[in-house]
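Input: a single structure, listed below in structure tokens.
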Amino acid sequence: MTRVLLDANALMMPVELGVRIFDELDRLLGGPDERPGPTGAPIQASTHRDSSAERSAATGGDPDRTSGPDPSPESDSGPAGRGASGTESDANRTPVDGVTLLVPTAVRRELDDLSGGHSEAEVAASVGADLAGERCRELPHEASHADDAIVELATDRRAVIDYVLTNDRALRERLSARGVPVICLRGHDQLTITNP
């Protein structure tokens, strides 16, 4: 399972930049046969395939049902399943196959502190906080600042972080100096992996 740590600006990309981060992660990290490891070499497919027992447990034993959020258009993300940016809401999609999405507690606090109003940044932070709560597992840490928490977790061998998704230039440089692979924006709406 590939583990991706997300920062606040990554979770705000859907509103601020119109980037469908979960679609992009799925495209970038590929299916089980194509997914690159942190060094760029393919990971063996067998490490990412679900057993029939895991699939059965995830679907409650119903072979015709899929796991994940209900993709119906009657969701609370607005008309026809569209989010604040006018595109299909990433929150209505199932999780990225074979990828565990993680967020530090400080990033959740940062998003909560930034949200609450009606400006684009406040709406983006609110959507980001919702996405973090619905799609990511929260990780505790020692650091009090969000960027410090990202660096702490990304370099902690016990956390086993494969990539960090951020578009923050200063944070990307800090991570690169420590040998952490980063996923960031390339162009207007595509993500790319930068290996240190």
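Bear in mind that the values in this text are calculations on the coordinates, not laboratory data. Keep in mind it's a predicted model, so treat the numbers as computed, not measured. Cβ atoms come from the backbone with ideal geometry, glycine included; neighbour counts cover every protein chain shown.
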Quiz prompt | Loop-resident sites, the stretch 123-196, for trypsin sites (Lys or Arg not before Pro), counting at most 13 other Cβ within 10 Å (DSSP) | solution = Arg157, Arg158, Arg178
Quiz item: Which GluC sites (Glu not before Pro) does the stretch 131-196 hold that lie in a coil by DSSP with at most 15 other beta carbons within 10 Å?
Solution: Glu142
